[in-house]
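Here it is, the structure, as structure tokens.
The values are calculated or read from the model by the stated rules, or taken from the named source; none is laboratory data. Fair warning: this is a prediction, and the values are worked out from it, not measured in the lab. A quick note on method: Cβ atoms are made from the backbone with ideal geometry, for glycine too, and the neighbour counts reach across all protein chains shown. Side chains are part of the model used for accessible areas, which takes the heavy atoms of the whole protein and leaves out ligands, DNA and RNA. Shrake-Rupley method; radii C 1.70, N 1.55, O 1.52, S 1.80 Å.
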Amino acid sequence: MGSESYEGRPQLFIGGNWRGSSTGETLDLINPATGAAIAGVPIASRDDLDEALAAVATANAPWRETSAYDRAKILHRAATLMRERAAHIGRVTTMEQGKPLAESTAEAYACADIFDWFAEEARRAYGRIVPSKQPGVRHLVLKEPIGPVAAFSPWNFPTTIPSRKIAAALAAGCPVIIKPAEETPGSCLELARALDDAGLPKGVLNVVFGVPAIISEYLIASPVIRKISFTGSTVVGKHLARLAAAEMKPTTMELGGHAPVIVFDDADLDKAVQLSAASKYRNAGQICVAPTRFYLHDAIHDAFVEKFAAAAGALKVGDGLAADTRMGPLANPRRVTAMAEMIGDAEAHGARVASGGSAIAGEGNFWQPTLLADVPNSARIMNEEPFGPIAVTQRFRTFDEVVAAANRLPYGLAAYAYTQSAERATRIGDAIEAGMIGINFSQLTGPETPFGGVKESGHGSEGGIEGLEGYLVTKYVAQG
Ligand code: NAD
């Protein structure tokens, strides 16, 4: 296979072969900025899935026996190809997912960084030797690849989320079957193509699409699969965790969030507004770590709302392919319906629309960057993840009150706080129940740092040295 790239031709990638489904069935692929069908996505049949399972079963032993040094070389080569192709990958992502081209292209570069990071970590899957109380005995603690992985990734970061799963698993020595979201097939296929061109042996990575519930049930039940990794909603994550538990298979679950943002009265307001408005509306708010519940100290609430509303109102919304677009469309019509319902419900509960609040007329799934002020806990949006461009505010007076408010939901993914007091920064970092906390800082994702949640936001970490751990098992060898 050469480096000819997908644009409008999604395929399955099974056993190193690019092909349609055995039944010829396809789903329509829709451009969210225009509503137009731009391609067909093949629907894998059970026969196709059996082929993918056979491919990882065959590839497993040779890949785990390939030295970490040689695995790393392939991953580094793939990273170089991703950088060379970043402009193209970005365009594919924007046409399928809608985000502005600059964000899509940056995402492609971020994937290359993820592959480089895990290529390096592959060579550091250290075990240890434990001193024995018996003379001449060695206690060896070894780290081994867990085995073939079934991975499921969503549409909001269609290149970086598959990258975290694929790069870590391959680095650890595990073959993968991944089912990316059917709404955004092209970006992950570009990763597969880069790996294929970089010399990844056939069958080590397989990409399938189809009916998510059928594919996940079939793959998770297969004795070939040893590990499940999922990113998506909490409700689907719980379902897949139950299926995995029935087979006693470990899971990594990156699920929903409802990130609180606590702004104390001593915060640098301009910085807090600038950082949190940028991260709220990035990818039209369709980010699991997006700041959502803004708890603003009573003394600065109104000033913050005024500045934040101005920042939201100034954003240029449009087709991600246009150079001046700062926020693209929502990924699908389901999100538009969800925005309308949540805002209507919040208004009915007494919330005030401080900015935006409506769909943007015309073709595509466009929604105004929205800020709702003084939203009571009884409103749905204070309890359910909006996964769209809506921020909500409440007022607080005391530290304990705001900690209780921030921790009141079952989610525990990301949280943010703004204060100029070192003492408060330390206390809030300790008090918030979340897997990741940004203090006077809003960027929580990088290849080197752990990414994951607590409570119903899931378990396991996908970045940092922890990311590799998810695909390793510990073996103890006592040698007399
Ligand atoms: P959804 O819950 O139907 O789907 C979320 C993702 O899970 C999709 O990629 C989908 O293909 C996949 N999926 C659904 N059912 C599955 C199954 N049985 N087996 C395997 N995969 C399955 O919701 P949606 O309308 O596509 O997205 C909206 C919600 O999903 C949001 O409210 C948000 O909570 C969540 N979401 C979270 C993330 C994240 O990064 N954690 C990403 C995308 C969506």
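When the helix-only estimate is applied to the chain (DSSP H runs of n ≥ 4, each -39,500 (n - 2.57), divided by the residue count), what is the mean residue ellipticity at 222 nm, nearest 500 deg cm²/dmol?
Result for the chain, helices only: -12500 deg cm²/dmol.
Still on this structure: Treating the beta-carbon of each Lys and Arg as +1 and of each Asp and Glu as -1, no other charges, what is the dipole magnitude of the chain about its Cα centre, to the nearest 20 debye?
It comes to approximately 1240 debye.
Using protein chains only and a probe of 1.4 angstrom, how many square angstrom of ARG91 are accessible, to the nearest 10?
ARG91 has an accessible surface of roughly 100 Å² with all protein chains in place.
Same structure, new question: DSSP loop (so not H, G, I, E, B), at most 16 other Cβ within 10 Å: list which GluC sites (Glu not before Pro) in region 1-100 pass both filters.
Answer in residue order: GLU4, GLU7, GLU25.
Which sequence of ASP48, ASP28, ASP266 reflects their accessible areas, 1.4 Å probe, from the largest down?
ASP28, ASP266, ASP48
Which value, in Å², gives the accessible area per residue of region 259-446 when a 1.4 Å probe is used on the protein heavy atoms?
I get 39 Å² per residue for this part.
While we're on this one: Please report the carbon-and-sulfur percent of the accessible area for region 333-446; probe 1.4 Å, protein heavy atoms only, DNA, RNA and ligands left out.
Within region 333-446, the accessible surface is 48 percent carbon and sulfur.
What ranking of LYS165, LYS316 comes out by heavy-atom accessible area, probe 1.4 Å, highest first?
LYS316, LYS165
Now, a different point. Going down the list LYS238/LYS280; LYS99/LYS227; LYS99/LYS307; LYS73/LYS455, which pairs span over 28 Å between their C-alpha atoms?
LYS99/LYS227; LYS73/LYS455
Among GLN368, GLY232, VAL353, flag the residue with its Cα farthest along the positive direction of the charge dipole of the chain, charges on Cβ as +1 for Lys/Arg and -1 for Asp/Glu.
Sorting the options by dipole projection puts first GLY232.
Under a straight-distance cross-link criterion of Cα-Cα below 27 Å, which lysines are reachable from LYS133, leaving out those fewer than 8 residues away in the same chain?
LYS143, LYS475
Just add up the charged neighbours of SER276: K/R +1, D/E -1, any other residue whose Cβ is under 14 Å from the Cβ of SER276.
Once all neighbours under 14 Å are counted, the net charge is +3.
Rounded to the nearest 20 Debye, what is the dipole magnitude of region 259-446 about its Cα centre when Lys and Arg each give +1 and Asp and Glu each give -1 at the C-beta?
It comes to approximately 300 debye.
Roughly how tilted is helix 301-313, in degrees to the nearest 10 and between 0 and 90, from the longest Cα axis of the chain?
Once rounded, the angle reads 60 degrees.
Which sequence of TYR416, TYR476, TYR411 reflects their accessible areas, 1.4 Å probe, from the largest down?
TYR476, TYR411, TYR416
Helix 212-221 sits at what angle to the longest principal axis of the chain, using alpha carbons and giving 0 to 90 degrees rounded to 10?
Roughly 40 degrees, rounded to the nearest 10.
Mind jotting down a quarter of the surface of the convex hull over the alpha carbons of the chain, in square nanometres, one decimal?
Its Cα hull, projected and averaged over all orientations, spans 23.7 nm².
Students often check this: by mean Cβ neighbours within 10 Å, which of 383-390, 156-163 ranks highest, and how do the rest follow?
Descending packing order for the listed peptides: 156-163, 383-390.
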